[in-house]
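Visitor: One structure follows; several queries about it will come next.
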Amino acid sequence: MLIPLARLQHSSQFSIISHVMKKLEFIFGILSILALLLSLFLVPGANMAMVLGFGVLSVFYMYASFALFNGVSGRAIFKKESYFGIPRIRLIGAALTGIALSVCAIGILFKMMSWPGANNNLGMGLVAVFIALIVGITRYSKSKDAFYIRLFKRIVVYGGLALVLFILPSEVWIDFKYRNHPAYREALKNATADPSNQELWEKVHEEQLKMDQED
């Protein structure tokens, strides 16, 4: 049976745009990890790049995972026919896994930036990705669908990183990252131990200005 030219063109566009979405995910993922590593050595601009990378990934997974994980292109997300043949349970699973990854990305960002609420976000994200992993393994054992492999890869990367940061005490992280700035290090440790104390955070800001001037 001959396939209409219009359908072939639509399929080609669908494949290209889907590929672009994956490429964007990959680029921002690499940016996030690279910025994370550079931030360990206080490289100028690393924190800004990390906020951009993990922020975009969080939004991406929160709102586009149901399409991304199922190979639906950006232009076709809001077209009903794009989801023809995709089981509803798979769409729901992709969306919920995306939300879990989004929370993990925010938790990682908060932990790296020493912002209040980091461990809460990491904990919620880890519980969610663990559930997604167990459900995914169960369903993959029955269907062997490559869809679940795509989920597992992302869970291993971001869930694994979230787990490491969740286990790692904040004091250890702060001591290493700001090893050459004792005054800022102590101010930040005091503030993170009592996050509701505004005076302690003002002290952090004051010491940060001094640190920036030193650099």
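Visitor: Going through VAL164, VAL172, VAL156 one at a time, which residue ends up being part of a helix (DSSP H, G or I) and modelled with pLDDT under 90?
Guide: VAL172
Visitor: For residues that are over 14 Å from TRP173 (Cα atoms) and hydrophobic (A, V, I, L, M, F, W, C), scanning just segment 188-204, find the one that is farthest from the chain's Cα centre (by Cα).
Guide: Ranking the candidates gives LEU200 first.
Visitor: Considering only segment 101-143, state which residues are out of contact with any Pro (no Cβ under 7 Å at 6 or more places or on another chain) and part of a loop (DSSP other than H, G, I, E, B).
Guide: Passing the criteria: SER114, TRP115, GLY117.
Visitor: Sticking with this one: Suppose the filter is at pLDDT 75 or above and surrounded by fewer than 16 Cβ atoms within 10 Å (Cβ to Cβ); does LYS79 pass it?
Guide: Taking the combined requirement at face value, the residue does not satisfy it.
Visitor: For segment 44-57, what are the residues that are surrounded by fewer than 22 Cβ atoms within 10 Å (Cβ to Cβ) and at pLDDT 90 or above?
Guide: GLY45, ALA46, ASN47, MET48, ALA49, VAL51, LEU52, GLY55, VAL56, listed by residue number.
Visitor: Still on this model: Between residues in segment 129-156 that are on the phi < 0 side of the Ramachandran plot and of a type in the set (Val, Ile, Thr) and residues that are surrounded by 12 or more Cβ atoms within 10 Å (Cβ to Cβ) and not in a helix (DSSP H, G or I), which pairs lie under 8 Å by C-beta distance while being six or more apart or on different chains?
Guide: none
Visitor: Then there is this: Tell me whether segment 200-213 contains one or more residues that are out of contact with any Cys (no Cβ under 9 Å at 6 or more places or on another chain), surrounded by fewer than 16 Cβ atoms within 10 Å (Cβ to Cβ), of a type in the set (Val, Ile, Thr) and outside any loop (DSSP other than H, G, I, E, B).
Guide: no
Visitor: Here are the criteria: (1) under 22 Å from PHE26 (Cα atoms); (2) touching a residue at least 40 places away in the same chain (Cβ under 8 Å). Tell me which single one TRP173 does not satisfy.
Guide: Here TRP173 meets the rest and fails (1).
The values are calculated or read from the model by the stated rules, or taken from the named source; none is laboratory data. Not measured: the values here are computed from a predicted model. Don't worry about glycine lacking a Cβ; one is built from the backbone with ideal geometry, like all the others, and counts go over all protein chains shown.
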